[in-house]
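A short reminder: the numbers here are calculations on the coordinates, not readings from a lab. All figures in this text were calculated on a predicted structure; none of them were measured in a lab. Here the Cβ positions follow ideal geometry from the backbone for every residue, glycine too, while neighbour counts run over all protein chains shown.
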Amino acid sequence: TCSAMEHTLKCNVLKCRKELGDQALVTTCSHIFCIECSNNHGLTGPVQERRGTCPACRSQLINPDDAVVTHLNLTEDYKTTILSGLSPNIIMECAGRALSFWAYQTTQEM
């Protein structure tokens, strides 16, 4: 059994399930995909060319921020600056949402 800190997220496309490395696409419906599946399902590229449907749950991903490519291995400098300048309320809201995402993903693995 892995502890939560050692857990590696996997692509949420059931036919893929690849462990995610440096980059992934995350959605506002709490799903995460490898870059290859993101490209294959039309979730990346120019906004006007994207297909706005989550491959995992079929939620509509209409807004540009509904599906975003993110780096999973952050540098210490990036961690230092990413939330700097934001109010404590926004920082806590972001942290809370990120923890909810992590909890959802890890419970799906069980």
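Output the residues belonging to segment 64-89 that are of a type in the set (Asp, Glu) and closer than 29 Å to residue 51 by Cβ. Before you say what the answer is, go through the steps one by one.
To start, the set of residues in segment 64-89 that are of a type in the set (Asp, Glu) comprises 65-66, 76-77.
Matches in segment 64-89: 65, 66.
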(message) Every residue in segment 20-34 that is of a type in the set (Val, Ile, Thr) and part of a strand (DSSP E or B), please.
(response) 26, 27, 32
(request) Report the residue count in segment 65-110 for those that are in a strand (DSSP E or B) and among the aliphatic types (A, V, I, L, M). (result) 3
(request) Scan (1) at negative phi; (2) out of contact with any helix residue (DSSP H, G or I) (no Cβ under 7 Å at 6 or more places or on another chain); (3) surrounded by 12 or more Cβ atoms within 10 Å (Cβ to Cβ) for the single condition residue 27 breaks and write down its number. (result) (2)
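Step by step: first the residues of segment 51-99, then only those that are among the charged types (D, E, K, R) and free of Cβ contacts under 8 Å to residues at least 24 places away in the same chain, then the one that is nearest to residue 37 (Cα to Cα). Which residue is that? Working first, answer last.
First pass over segment 51-99, keeping only residues among the charged types (D, E, K, R): 51, 58, 65-66, 76-77, 79, 93, 97.
Next cut, free of Cβ contacts under 8 Å to residues at least 24 places away in the same chain only: 51, 58, 76-77, 79, 93, 97.
Values: 51: 13, 58: 15, 76: 28, 77: 29, 79: 27, 93: 29, 97: 24 Å.
Per the criteria, the residue is 51.
Do you know which residues across segment 39-50 are more than 22 Å from residue 19 (Cα to Cα) and touching a residue at least 12 places away in the same chain (Cβ under 8 Å)? Outline the logic, then answer.
From segment 39-50, those more than 22 Å from residue 19 (Cα to Cα) are 45-50; that's our starting set.
47, 50 - these are the residues of segment 39-50 that are more than 22 Å from residue 19 (Cα to Cα) and touching a residue at least 12 places away in the same chain (Cβ under 8 Å).
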(request) Those residues that are surrounded by fewer than 11 Cβ atoms within 10 Å (Cβ to Cβ) and either touching an Asp or Glu at 6+ places or on another chain (Cβ under 6 Å) or part of a loop (DSSP other than H, G, I, E, B) (or both), I need them from segment 35-50; list them, please. (result) 46
(request) Sort through 66, 22 and tell me the only one that's over 19 Å from residue 10 (Cβ atoms) and out of contact with any Pro (no Cβ under 7 Å at 6 or more places or on another chain). (result) 66
